[in-house]
1. Filter region 16-37 down to the residues that are within 14 Å of PHE60 (Cβ to Cβ) and part of a loop (DSSP other than H, G, I, E, B), then identify the one that is most open to solvent (accessible area, probe 1.4 Å).
2. Just give me the residues in region 42-59 being open to solvent by less than 30 Å² (accessible area, probe 1.4 Å) and either within 19 Å of GLY17 (Cα to Cα) or without any contact (Cβ under 8 Å) to a residue 12 or more places away in the chain (or both), in sequence order.
3. State all residues of region 1-15 that are over 17 Å from PHE60 (Cα atoms) and either assigned to a loop (DSSP other than H, G, I, E, B) or of a type outside the set (A, V, I, L, M, F, W, C) (or both); if no residue qualifies, say none.
4. Condition (residue is within 11 Å of the chain's Cα centre (by Cα), at pLDDT below 95, hydroxyl-bearing (Ser, Thr, Tyr) and assigned to a strand (DSSP E or B)) applied to region 56-66: is it met by at least one residue?
5. Kindly indicate the residue of region 38-53 that is charged (D, E, K, R) and in a loop (DSSP other than H, G, I, E, B) and also farthest from the chain's Cα centre (by Cα) among those meeting that condition.
6. Being loosely packed, with under 10 Cβ neighbours inside 10 Å and charged (D, E, K, R) is the filter; apply it to region 1-15 and report the residue that is modelled with the lowest pLDDT.
Amino acid sequence: LPALFKQELQDTEAEEGGTVTLRCELTKPNAPVEWRKGDTTLYPGLKYEMKQQGSTAELFIYDLELEDS
């Protein structure tokens with residue numbers, strides 16, 4: 001069976017230049033997660049950091065800009 005969201009992402013407010021963490025909980029631990037913004041897949045680097053532990057996946061977005069909304 002595919003992994004489903006136990007808890008979906010919540011809207012988050014943050015200041016330009018700051019950092020935000022988006023977090024979701026899945027029904028299957030260690031299920032592969034692909035973070036996307038629209039049709040664009042996000043990859044780790046200076047701007048984005050992805051972490052996953054068990055059934056919790058996190059996306060950190062650094063140096064926030066208006067375009068990140």
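The values are calculated or read from the model by the stated rules, or taken from the named source; none is laboratory data. Just so it is clear, the structure is predicted and the values come from calculations on it, not from any experiment. So basically every Cβ, Gly included, is an ideal-geometry build from the backbone, and we count neighbours across all protein chains shown. All accessible areas refer to the heavy atoms of the entire protein, side chains included, with ligands and DNA or RNA removed. Shrake-Rupley method; radii C 1.70, N 1.55, O 1.52, S 1.80 Å.
1. Per the criteria, the residue is THR19.
2. Within region 42-59, LEU42, LEU59 qualify.
3. Here is the first cut: in region 1-15, the ones over 17 Å from PHE60 (Cα atoms) are 1-7.
Hits for region 1-15 are LEU1, PRO2, ALA3, LEU4, LYS6, GLN7.
4. yes
5. Restricting attention to region 38-53, the residues satisfying the condition of being charged (D, E, K, R) are 39, 47, 49, 51.
From the residues that got through so far, the ones that are in a loop (DSSP other than H, G, I, E, B) too are 39, 47.
Values: ASP39: 15, LYS47: 12 Å.
Checked region 38-53; the qualifying residue farthest from the chain's Cα centre (by Cα) is ASP39.
6. Start the filter on region 1-15 by keeping residues that are loosely packed, with under 10 Cβ neighbours inside 10 Å, which leaves 1-2, 8, 10-11, 13, 15.
Keeping just the survivors that are charged (D, E, K, R) gives 8, 11, 13, 15.
Numbers: GLU8: 72, ASP11: 82, GLU13: 88, GLU15: 92.
Going through the qualifying residues, I end up with GLU8.
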